[in-house]
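One structure below.
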Amino acid sequence: MNLSWLSRFRERPWLWQSGLILFAILLPLPLGDYYRTVAWRTVLYIMLGLSLNLIVGYAGLFQLGHAAFYALGAYTAAILNLQLGIPLFWTFPASILVAALFGFLITRPILHLRGDYLAIVTIAFGEVVRLALVNNIFGITGGANGLSGIARPRLLGLEFRQPIYHYYLVLFFLLITIFAMRRLENSRLGRAWLYVREDETAAEAMGINTTQVKLLAFVLGSGWAGLAGALYAARITVISPDLARFMESVVMFCIVVLGGTGSIPGVFIGALGMVTLPELFRPLKDWRDAWLGVTMVVMMIARPEGLWPSRRVQLELQESEAPHG
Amino acid sequence: MQLLQQIINGVTIGSFYALVALGYTMVYGVLKLINFAHGDLFMWGAYLGLTGVSLLAGLAGAGQPWMAVPVITGVLALIALTGVLVERVAYRPLRAAGRLAPIISALGVAFILESIARNVYGARWRTYPTGVAPAGGFVLAGSVRISTMQIAVLVISFLLMAGLYLFVQRTRVGTAMRAVSLDHTVSRLMGIDVDRIIALVFVIGPGLGGIAGVVVALYYGSFDFTLGWSFGLKAFIAAILGGIGNIPGAMLGGMFLGLVETLASGYISPQWKDVIAYVILIIILIFRPTGILGERVAAKV
C-alpha cells in the first residue's frame, strides 16, 4: 500500500491543521440548532479537557475537583454581570483571575501530598465549593437554584443569541488555547512539568523548583477552566451549583485520560467519547451513565494508555511494572 | 445533657462510616487503589435489603425484627459476590497499568452500579417496611435516650470490627493479607497466593459494606440512589483520616467523623456540617499527610 500521501501530511502539518480548522468552521452550517448546541458543548469540554490536561497530563497531578474552578468562573461572570452590570465580555478576565487565584490559594498548602491523597483533597475542595454555592455564601450565589437572567454578551452591536454565535465564540477561544498549549508543551516550563511527572526527586536535583512548577500547572489550568465557565454562563444565562458536581469533574478527568494523558489530540477524542456520543444517543438517556461506565472499563482494559497517547506516556507505560514492582 | 445525646448519635453514625471505611481501606491496602465503586456496592446493599425485607414482609404480612437476620446474610453473600466479580473483571487486568487506568475503571464501575440501581429501583426515595427496625429504647438520664436500633447498630458493628481485627492480626490468612499489602512480589516468593488474598479482600470489604447498607437503610428508614456517593465519600474520608490501609485507623476515623459531624450539625449549623467535615479532612492532611494513625512514608529516592 502506498502511504506516501501520509508522510506528505506529516511533513506539512499546516496542511491537515488548516484542514481541521476549516472543518470546524464549516461544521455547524448544515446543522440544526440542537446539533449546533452539541457542537458547542463538545468544543467547550475540549477546552476544559485541555485545561485539566495541564494539571493531570503534563504535571501528572491528580485533580478530581476541576469542575469547582469551572463553576467559580461561571459564578464570577454571572455575579459581576448581575450585581454590577458589567458586560459579559468584560467579565472574562475577572473569571480567569478569580479561578486562578482560588487555584493558587487552594493548592498551595496541599502540593506536598502524594497522588491519591491529592486526589481526595481535590474532591473535598470541589464539594466544599459546591456546598458553599448551595448554601448561598455571602448571599450572592442564589442558593440551590443558582443565578438566572445573565445578560447575553454583545460585540459591536451584535447580540449573541443564536447557538451558532456561541459555537464560533468558543471555537475562537479553543484555537487560542491549542496554540498556547502547543507553545507551552515545548517551553522550558512544559519540559519541567514532564520532568516532575517522570521523577520528582531527579527533577529537584536538576534545579527545578518543583513546588513552583506544580503550582503553576494548577494556577494556569484552574484559570483556563474559569474562562470555560464564563463562556458557559454567556451561552446558557442560567447557572447552578450543579456545575461543580463531582460528576462534572469525573467527566473532565475521563476526557483527559480516555483519549490519552498528556496528548492534545487525545483530549479531542476524549471529549467526543464523553460528551458528543452520549448526546447523540439521546434515546438511551436512562442508561447513558451505565454505557459511559462500560466504555470507561472496557477502554482502560483494552488500551490503558488511552486512544491517542502522547509518545512519552506510551513509552513510560511499556516500561512500568506492577504497583509493587 | 444535649452533649451526651449528640455523642450517642455521633457514635452510631460513626460506626456506619467505620464499617464502610473498612472496605476502602482494605482494598487500598492490597491494591493501592481508591475503590470508587465501594460506595455504590454499599448502596446496592441497601437496595437488595429493601427487596429482601419487602419480600419477607409480604409473605409474613408485616415486617418483623427477625427478618433482618436472613436479609443481612443474603445481602452479605450477594454483595461479596459482586465485589469479587468487580475485582476480577475491572481491576485485575489493570494491575500493571499504572495509577490512572484503575481509577478510571473504578469510576466506570461506580457509574454502572449507580445507573442500574436508578433504573431498577427508580430515582425516588424508597422506604423500608415498618416493623423490621426494632422499636423502642431506653432513657439513660433525663432527656438522653438510646434507641434499641442504636444499641443493635453499636453491637453489630463492634462485633464485626473486633472479629475483623482479630482475623487480620491473629490468623495465618490475616498475616498473609498484611504481607500482600506490604509487597506483592515478596509475598509471592513466600508462597502466598496473592490473587486469592486480593479476592478475599474483595469478599470482606464489600461484604461489610453490604451489611452496612442494610443497617443504614434500617436506621434512617428511607434512602435514594445518591446514598452511595454521599455516604461513600464520607466513609472514604474516614478511611483517609485514620490513615488509609490501616484497619484500626478506619474504625477510629469513622467514629471521629461521625462525632464531628453530629456535633457540628448540633452546635454550628446542619447546612454546613458536610463542609466542616471536608475542611477538617483538608486541614488534617495538610499537617499529617498520611492521616492520624498512618505511618510516615519515606519519600522515594
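Miscellaneous remarks
- Residue selected from segment A:176-203 under the condition of a type in the set (S, T, Y) and in contact with a helix residue (DSSP H, G or I) (Cβ under 7 Å, 6 or more places away or on another chain), by the criterion modelled with the lowest pLDDT: A:Y195
- Every listed requirement among (1) outside any helix (DSSP H, G or I); (2) surrounded by fewer than 24 Cβ atoms within 10 Å (Cβ to Cβ); (3) in contact with a helix residue (DSSP H, G or I) (Cβ under 6 Å, 6 or more places away or on another chain) is met by B:G191 save one, (3).
- Filtered residues of segment A:186-202 (kept if touching a Leu at 6+ places or on another chain (Cβ under 9 Å) and within 17 Å of A:G115 (Cβ to Cβ)): A:W193, A:V196, A:R197
- Verdict on B:S181 being part of a helix (DSSP H, G or I), modelled with pLDDT under 90, closer than 26 Å to B:F42 by Cβ and within 14 Å of chain A (Cβ to nearest Cβ): yes
The rows are residues; the columns are (1) more than 14 Å from every other protein chain (Cβ to nearest Cβ); (2) at pLDDT below 90.
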site	(1), (2)
A:A205	no, yes
A:I208	yes, yes
A:V219	yes, no
A:A228	yes, no
A:T237	yes, yes
A:A244	no, yes
A:M247	no, yes
A:I255	no, yes
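- Matching residues in segment B:204-231 - criterion: being in a helix (DSSP H, G or I) and of a type in the set (A, V, I, L, M, F, W, C): B:I204, B:L208, B:I211, B:A212, B:V214, B:V215, B:V216, B:A217, B:L218, B:L227, B:W229, B:F231
- Subset of segment B:85-109 [surrounded by 18 or more Cβ atoms within 10 Å (Cβ to Cβ) and more than 7 Å from chain A (Cβ to nearest Cβ)]: B:V86, B:E87, B:Y91, B:P102, B:I103, B:A106
- Just one of (1) assigned to a loop (DSSP other than H, G, I, E, B); (2) more than 10 Å from every other protein chain (Cβ to nearest Cβ); (3) of a type in the set (A, V, I, L, M, F, W, C) fails for B:I244. It is (2).
- Taking the conditions (1) within 14 Å of chain B (Cβ to nearest Cβ); (2) surrounded by fewer than 23 Cβ atoms within 10 Å (Cβ to Cβ); (3) outside any helix (DSSP H, G or I) in turn, A:T295 satisfies each one other than (3).
- Within segment B:286-293, the presence of at least one residue that is buried (at least 24 other Cβ atoms within 10 Å of the Cβ) and either farther than 30 Å from A:L133 by Cβ or within 12 Å of chain A (Cβ to nearest Cβ) (or both) is confirmed.
- Test: residue in segment B:252-268 that is within 11 Å of chain A (Cβ to nearest Cβ), modelled with pLDDT under 85 and over 24 Å from B:G137 (Cβ atoms): no
The values are calculated or read from the model by the stated rules, or taken from the named source; none is laboratory data. Nothing here was measured: the structure is a model prediction, and the numbers come from that model. Cβ: placed from backbone, ideal geometry, glycine included. Neighbour counts: every protein chain shown.
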